[in-house]
1. Given the criteria more than 17 Å from the chain's Cα centre (by Cα) and assigned by TED's automatic domain parsing to the domain that holds Val56, does Arg218 qualify?
2. Give region 258-274 a look and list any residue that's of a type in the set (Asp, Glu) and either within 15 Å of ligand 1 (Cβ to nearest atom) or part of a strand (DSSP E or B) (or both), or say none.
3. Would you confirm, using the coordinates I've provided, whether Gly388 is within 30 Å of Gly140 (Cα to Cα), out of contact with any strand residue (DSSP E or B) (no Cβ under 8 Å at 6 or more places or on another chain) and not assigned by TED's automatic domain parsing to the domain that holds Ala132?
4. Step by step: first the residues of region 219-244, then only those that are near ligand 1 (Cβ under 10 Å from one of its atoms) and either part of a helix (DSSP H, G or I) or at pLDDT below 95 (or both), then the one that is nearest to Phe137 (Cα to Cα). Which residue is that?
5. Considering only residues of region 183-215 that are of a type outside the set (S, T, N, Q) and within 13 Å of the chain's Cα centre (by Cα), which is farthest from ligand 1 (Cβ to nearest atom)?
6. Considering every residue within region 250-257, establish whether at least one is in the same structural domain as Phe137 (by TED's automatic domain parsing), under 25 Å from Gly74 (Cβ atoms), in contact (Cβ under 8 Å) with a residue 24 or more places away in the chain and within 16 Å of ligand 1 (Cβ to nearest atom).
7. Do we have any residue at all in region 81-88 that's at pLDDT below 95 and either surrounded by 18 or more Cβ atoms within 10 Å (Cβ to Cβ) or outside any loop (DSSP other than H, G, I, E, B) (or both)?
8. For Val120, state whether it is surrounded by 18 or more Cβ atoms within 10 Å (Cβ to Cβ), within 16 Å of ligand 1 (Cβ to nearest atom) and in contact (Cβ under 8 Å) with a residue 12 or more places away in the chain.
Amino acid sequence: MEFFDIAETWSREAISAAQIVRLRNTVEQAMKSPFYGQRLKEAGVTPGSIRSLDDVRRIPLTSKDDLRAQYPDGLICVPKSELVRMHASSGTTGTPTVVYHTQSDLNSWADLMARCMYMVGIRREDVFQNMAGYGLFTGGLGIHYGAERLGCLTIPAGAGNTRRQVKLVRDFKTTVAHIIPSYALYLGAALRDEGEDPAELPLRIALIGAEPHTEEARRRIEDMLGLKAYNSYGLSEMNGPGVAFECVHQNGLHVWEDAYIAEIIDPVTGEAVPDGEVGELVMTTLCRQGMPVLRYRTRDLTRFLPGECPCGRVHRRLDRILGRADDMLIVKGVNIYPMQVEQVLMGFPEVGQNYLIVLERDDFRDVLRVKVEIRDEYFEEDMRKLHGLRERITRRIHDEILVTPKVDLVQHNSLPKSEGKAQRVQDLRDKPAL
Ligand code: ADP
Ligand code: ZN
């Protein structure tokens with residue numbers, strides 16, 4: 001195995017041994033904040049009482065609300081003068097949470113990120129363009145420092161401005177891009193609209209992540225842009241990108257267990273789910289000094305994938321994130337995840353890159369409306385054909401979610417698009433009628 005960090009080659013025994021030692025150190029460090037000092041004391045957890053990895057379950061869970069309640073600086077565990085950077089979550093689901101880093105925290109984060117990139121075949125000869133937003137969002141600087149650590153020429157393009165992105169790719173022969181999947185689809189379509197073939201660009205690899213997306217969306221990105229796209233998972237509470245990443249086999253995301261403890265729990269009972277079952281991902285930092293976070297409830301739903309990976313890394317693999325617990329829609333009493341709708345839509349060649357799920361209320365009944373952008377060449381077809389397409393999409397979505405949607409076929413580029421994470425759902429049910 002070619003590796004960037006020796007920890008990638010560790011056996012299960014070596015990983016477990018390191019995890020125990022690091023968990024003890026992390027508990028000791030975390031206790032320096034009043035919040036964890038109190039929490040751990042109440043639970044009777046001391047560093048010395050951690051004897052096996054199972055002892056992690058004696059540590060109380062930390063929720064996003066816990067972090068919000070400590071806003072802005074209640075979880076710092078080092079003298080403030082040792083902190084060199086702060087980040088915040090994108091705030092997709094409410095008040096952002098803030099995370100602080102020491103220089104050593106930033107170094108280990110950059111190492112983790114460089115490890116991910118090396119794993120998928122990126123080398124110092126590559127030209128790397130970061131098309132994600134900079135600023136507080138961790139997908140900017142987090143990936144940026146990883147690329148520099150690996151030794152790539154790194155272009156901090158930032159998000160949006162498609163024309164400039166493409167010019168940079170062409171002029172500087174960018175071979176690798178970091179790009180949010182919804183924007184990758186948009187960029188590909190935008191180039192096509194101008195009569196160009198996006199697959200002609202020098203790009204050979206895209207790192208895609210930061211928002212839920214389906215396997216179908218990934219394949220589209222790969223086909224349209226003519227490259228390999230690797231799923232990148234992270235969250236600001238656990239640094240940001242570099243937490244779990246696909247290897248070249250694209251069969252789940254290796255979570256770096258020398259740096260994190262990952263668990264999957266039943267979101268209702270808080271107990272571990274049987275191996276292989278879907279539940280909420282819970283994560284503990286093992287290498288962070290400035291602001292360790294213990295057993296953080298990510299609200300992300302996934303499962304551990306069974307079996308060994310042909311790449312030889314034993315770091316366990318997570319299935320792609322099925323969605324956030326917060327994203328679950330309840331329509332007519334049925335639980336629905338937006339990704340179920342995406343999976344259906346992306347299977348239709350007529351469907352363009354953007355869609356929007358709108359929840360409405362009609363005479364006290366829930367209505368699930370799905371607005372779907374249709375590619376120009378199909379939109380110009382006769383009414384009968386479009387009607388047939390609408391029927392087929394309606395039926396397939398119904399088969400998947402067991403609710404009959406109202407499907408609107410709309411013109412290419414007519415739905416709102418965002419430069420950051422896509423907003424796939426609009427809930428108008430609580431709004432008074434106009
Ligand atoms: P926010 O929760 O405000 O969006 P972050 O910017 O920290 O804050 O984003 C982290 C979240 O983004 C994760 O918890 C997850 O829901 C989502 N996410 C990140 N990477 C992926 C990915 N590869 N697949 C699916 N969802 C992802
Ligand atoms: Zn692998």
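The values are calculated or read from the model by the stated rules, or taken from the named source; none is laboratory data. Quick caveat: nothing in here was measured; it's all calculated off a predicted structure. Note that we place each Cβ from the backbone using ideal geometry, even for glycine, and neighbour counts take in every protein chain shown.
1. Working: more than 17 Å from the chain's Cα centre (by Cα): no; assigned by TED's automatic domain parsing to the domain that holds Val56: yes.
No.
2. Of the residues in region 258-274, the ones of a type in the set (Asp, Glu) are 258, 263, 266, 271.
The answer is Glu263, and nothing else.
3. Numbers: within 30 Å of Gly140 (Cα to Cα): no; out of contact with any strand residue (DSSP E or B) (no Cβ under 8 Å at 6 or more places or on another chain): yes; not assigned by TED's automatic domain parsing to the domain that holds Ala132: yes.
So Gly388 does not fit the description; no.
4. Of region 219-244, the ones near ligand 1 (Cβ under 10 Å from one of its atoms) are 230-241, 243-244.
Within this subset, residues satisfying the condition of being either part of a helix (DSSP H, G or I) or at pLDDT below 95 (or both) are 236-238.
On the way: Ser236: 8, Glu237: 11, Met238: 13 Å.
Selected residue: Ser236.
5. Applying the first criterion (of a type outside the set (S, T, N, Q)) to region 183-215 yields 183-213, 215.
Right, trim to within 13 Å of the chain's Cα centre (by Cα) and you get 207-213.
Values: Leu207: 9, Ile208: 7, Gly209: 3, Ala210: 5, Glu211: 5, Pro212: 4, His213: 6 Å.
So, considering only residues that are of a type outside the set (S, T, N, Q) and within 13 Å of the chain's Cα centre (by Cα), the one farthest from ligand 1 (Cβ to nearest atom) is Leu207.
6. Keep residues of region 250-257 that are in the same structural domain as Phe137 (by TED's automatic domain parsing), which gives 250-257.
Then keep just the ones that are under 25 Å from Gly74 (Cβ atoms); that gives none.
No, that holds for no residue.
7. Going through region 81-88, the residues at pLDDT below 95 turn out to be 88.
With the extra rule that they be either surrounded by 18 or more Cβ atoms within 10 Å (Cβ to Cβ) or outside any loop (DSSP other than H, G, I, E, B) (or both), the set shrinks to 88.
The answer is yes, given that some residue of region 81-88 is at pLDDT below 95 and either surrounded by 18 or more Cβ atoms within 10 Å (Cβ to Cβ) or outside any loop (DSSP other than H, G, I, E, B) (or both).
8. Working: surrounded by 18 or more Cβ atoms within 10 Å (Cβ to Cβ): yes; within 16 Å of ligand 1 (Cβ to nearest atom): yes; in contact (Cβ under 8 Å) with a residue 12 or more places away in the chain: yes.
Yes: the conditions hold for Val120.
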